[in-house]
1. For segment 92-136, give me every one of the strands (runs of 3 or more DSSP E) that falls completely inside it and has 2 or more residues that are free of Cβ contacts under 8 Å to residues at least 60 places away in the same chain.
2. In segment 40-78, how many are free of Cβ contacts under 8 Å to residues at least 40 places away in the same chain and within 9 Å of the chain's Cα centre (by Cα)?
3. From R116, R76, R131, grab the single residue that is of a type in the set (K, R) and over 19 Å from N38 (Cα atoms).
4. Output the residues belonging to segment 45-71 that are modelled with pLDDT under 95 and open to solvent by 60 Å² or more (accessible area, probe 1.4 Å).
5. Which one of the conditions (1) over 14 Å from D48 (Cα atoms); (2) at pLDDT 95 or above does A129 fail to meet, given that it meets all the rest?
6. Name the pairs whose Cβ atoms lie under 8 Å apart, with the first residue in segment 79-91 and touching a residue at least 24 places away in the same chain (Cβ under 8 Å) and assigned to a strand (DSSP E or B), the second open to solvent by 40 Å² or more (accessible area, probe 1.4 Å) and β-branched (V, I, T), and 6 or more positions between them or separate chains?
7. Out of R116, R127, report the one residue that is in contact with a Pro (Cβ under 7 Å, 6 or more places away or on another chain) and either surrounded by fewer than 11 Cβ atoms within 10 Å (Cβ to Cβ) or under 23 Å from C63 (Cα atoms) (or both).
Amino acid sequence: MPQMQKMFRAATLSLVTAATVSACAASRDVTALPDAANVAIGQRAYADGPLIQPVAVIEDSRCPVRVACVWAGRVRVKMLWLRPNGDAQPFEVVLGEPTPLADGTITLESVHPDKRPDRPIKPGDYRFAFRFMGGL
């Protein structure tokens, strides 16, 4: 085998080996993020594209379970959209209302646990489900 072919094969093998090793090392350091079906305050999640993070419950005026209310109430959540360029853009969502985000809309579809008349909900107990509609 000519010297040039041996050098080409050796260089190719070195590149393939380096790429494989670095891919393995990188995949061990990456933690998979959850989808947006059961997200806690402070937790990052993918919502069918955008990376989002609930920051705080601004309002939870839902009617408690087994209580008759004139108004069903609402839930407002302060959010961050963690953009691909590294910026964190704040926005707010209201339960059941589509909110413009990126190239579509995001909807806070559910909030758990249900509100109860006998005890407040601790911030760490909240779980949210989001749906993103849009994209190219």
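1. Numbers: elements: 99-101, 104-112, 127-134.
So the answer is 99-101, 104-112.
2. Going through segment 40-78 one residue at a time, the tally reaches 5.
3. Answer to the check: R116.
4. Listed by number, the residues that qualify are Y46, D48, R66, V67, A68, C69, V70, W71.
5. (1) is the only condition that A129 fails.
6. M79/V55; L80/V55; P90/V55
7. Residue meeting the stated conditions: R116.
The values are calculated or read from the model by the stated rules, or taken from the named source; none is laboratory data. The model shown is predicted, which means the values in this text are computed figures rather than measured ones. Note: ideal-geometry Cβ built from the backbone for every residue, glycine included; neighbour counts use all protein chains shown. Please note that ligands, DNA and RNA were not included when accessible areas were found on the heavy atoms of the full protein model with its side chains. Shrake-Rupley method; radii C 1.70, N 1.55, O 1.52, S 1.80 Å.
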